[in-house]
């Protein structure tokens, strides 16, 4: 029995906890390109100071937060009606409808992002369609803008939004809604005062499940956002691979973790509470 | 109330079109004659033939499959142990730390996990002279994040589990180990199979962590795809996408049929 606990425990301490301690240690180091590995250990706060004073890094933090927030909201706007429609579909149909939402998740993430490159390019399929249909004569290029990043995040993380929303809407007692309408509430006020508050746990869980991975996203801004879109995950990647500045990349990682502690704790408390309720 | 059915239909039609149209276009253009993915120039299978002669891509795919098999198997073993400990051992030293360590990799940004694991391997290289970066380090990385998914599935299965079966076996004189092997493990099999499949899929798909810990010699399939896609749209990648989608869809249909059959069997009994 001891081994059953000790084996995964030791694995996680060595390969997960210890590496994080190393990142923390290295973030106080000094970048020394002549050494291999290019770091001199010490207690140097320069990397952190740079992160909070340089305009480029500040802009990257802010635009990461903005992109993640806007995309999360977009996913909610699209995911909520979908989850609602599935929850109110005939019970025999629901598993199929849900499977259709999850299926893309089982194909490659990279390839799903790639699919949008051909769609959004200057001469891409979307622009060809817009020109052909006469809707827009001179459509701009979406690829390489923040809009493309929003689209990519909503597309890639939509299943994470729909699933928790569905599970809270499915448990909803619809007779409450009938009661509201019997008492004279119109559909919209009934929705706003009954359905929406009761599905709040699903909304919180879904939003956090999109927001948390979106903040540190690298592939989507790199492939769809072009060079102008700044996101913090991309900054970390570039500092590490392109500039070989290990202390700065480590400092970015530590700040990203501190930023995410709040949302993650809320998410775990929330999950715990909904587990206890069932 | 007539409006509601129409609203639901419109919403779902739009939602599924959004989810599937990009994939459908990728599949269609894998049969395109032209090199330009934006121009349709007639049906052709030349990109399919080109992909199957692309040695670098095939080598990368083979490496990915080997890493996937190894890491999915190892994370199923470790995830089973972790899930069992969390579900069945209410008190032990460091339980709170253990519980958060198990789930933390699921919410950790991948760039952070990538840089931290690379630093570990660089450190161990300096102190112990190994392990060499490649198959082994990538596998260790994948196990560390997919272990969590297996543990959660196992823990959930054990939570709504008829414990009287295990108690009956013990009352009849079975040792704890025999009880585990003959009662608990068979009942856990569906959870372990889905955990293994999830771990395998995650491993096959991982780019970021892999890119950090792979070293200069090894290139997995996602790394290969990424370096080709960065340069622009490539018809061979469309072919690869079509194959991936076909495999995922047939696995899902197979699992649906199997579930249906076992439900029917239970209903018949």
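The values are calculated or read from the model by the stated rules, or taken from the named source; none is laboratory data. What you are looking at is a predicted structure, and each value in this text was computed from that prediction instead of being measured. Using ideal geometry, Cβ is built from the backbone for each residue, glycine included, and neighbour counts are taken over all protein chains shown.
Among the residues making up segment A:131-173, a single one is within 24 Å of residue A:98 (Cβ to Cβ), assigned to a loop (DSSP other than H, G, I, E, B) and in contact (Cβ under 8 Å) with a residue 60 or more places away in the chain: A:172.
Of everything in segment B:145-164 that is loosely packed, with under 14 Cβ neighbours inside 10 Å and touching a helix residue (DSSP H, G or I) at 6+ places or on another chain (Cβ under 9 Å), the residue that is farthest from residue B:114 (Cα to Cα) is B:162. The sole residue among B:19, B:78 that is in contact (Cβ under 8 Å) with a residue 24 or more places away in the chain, surrounded by 14 or more Cβ atoms within 10 Å (Cβ to Cβ) and within 21 Å of the chain's Cα centre (by Cα) is B:78. Among the residues making up segment A:234-253, a single one is outside any helix (DSSP H, G or I) and either surrounded by 24 or more Cβ atoms within 10 Å (Cβ to Cβ) or touching a helix residue (DSSP H, G or I) at 6+ places or on another chain (Cβ under 6 Å) (or both): A:245. The residue list B:98, B:92, B:31 contains one member that is more than 25 Å from the chain's Cα centre (by Cα), at the interface with chain A (Cβ under 9 Å from one of its Cβ atoms) and surrounded by fewer than 22 Cβ atoms within 10 Å (Cβ to Cβ), which is B:92.
List the helices (runs of 4 or more DSSP H) inside segment A:1-102, counting only whole elements, that have at least 3 residues being at the interface with chain B (Cβ under 9 Å from one of its Cβ atoms) and either free of Cβ contacts under 8 Å to residues at least 24 places away in the same chain or in contact with a strand residue (DSSP E or B) (Cβ under 9 Å, 6 or more places away or on another chain) (or both).
A:2-12, A:18-27
Number of residues in segment A:113-130 that are out of contact with any helix residue (DSSP H, G or I) (no Cβ under 6 Å at 6 or more places or on another chain), more than 13 Å from residue A:224 (Cα to Cα) and not in a loop (DSSP other than H, G, I, E, B): the value is 4.
Every condition in (1) within 12 Å of chain B (Cβ to nearest Cβ); (2) closer than 29 Å to residue A:34 by Cβ holds for residue A:242 except the one numbered (1). Restricting A:210, A:204, A:265, A:261 to those that are outside any loop (DSSP other than H, G, I, E, B), under 24 Å from residue B:113 (Cα atoms) and either in contact (Cβ under 8 Å) with a residue 60 or more places away in the chain or touching a strand residue (DSSP E or B) at 6+ places or on another chain (Cβ under 6 Å) (or both) reduces the list to A:210.
Just a yes or no: is a residue in segment B:35-46 facing another protein chain (nearest Cβ under 8 Å), farther than 30 Å from residue A:12 by Cβ and in contact with a helix residue (DSSP H, G or I) (Cβ under 7 Å, 6 or more places away or on another chain)? Yes. Taking the stated definitions as given, is residue B:232 surrounded by fewer than 22 Cβ atoms within 10 Å (Cβ to Cβ), modelled with pLDDT under 85, within 11 Å of chain A (Cβ to nearest Cβ) and not in a helix (DSSP H, G or I)? Yes. Those residues that are surrounded by fewer than 22 Cβ atoms within 10 Å (Cβ to Cβ) and modelled with pLDDT under 90, I need them from segment B:102-122; list them, please. Selection gives B:103, B:104, B:105, B:106, B:107.
To keep it simple, each residue is scored yes or no on (1) at the interface with chain B (Cβ under 9 Å from one of its Cβ atoms); (2) modelled with pLDDT under 90.
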| site | (1), (2) |
| --- | --- |
| A:175 | no, yes |
| A:179 | no, yes |
| A:185 | no, yes |
| A:188 | no, yes |
| A:207 | no, no |
| A:219 | yes, no |
| A:237 | yes, no |
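Among the residues of segment A:167-189, are any within 20 Å of the chain's Cα centre (by Cα) and surrounded by 14 or more Cβ atoms within 10 Å (Cβ to Cβ)? First the steps, then the outcome.
Of the residues in segment A:167-189, the ones within 20 Å of the chain's Cα centre (by Cα) are A:167.
Next, from what is left, pick out any that are surrounded by 14 or more Cβ atoms within 10 Å (Cβ to Cβ): A:167.
Looking for residues that are within 20 Å of the chain's Cα centre (by Cα) and surrounded by 14 or more Cβ atoms within 10 Å (Cβ to Cβ), one finds at least one in segment A:167-189, hence yes.
For segment A:103-127, give me each residue that is more than 7 Å from chain B (Cβ to nearest Cβ) and more than 18 Å from residue A:153 (Cβ to Cβ). Of everything in segment A:103-127, those that are more than 7 Å from chain B (Cβ to nearest Cβ) and more than 18 Å from residue A:153 (Cβ to Cβ) turn out to be A:122, A:127.
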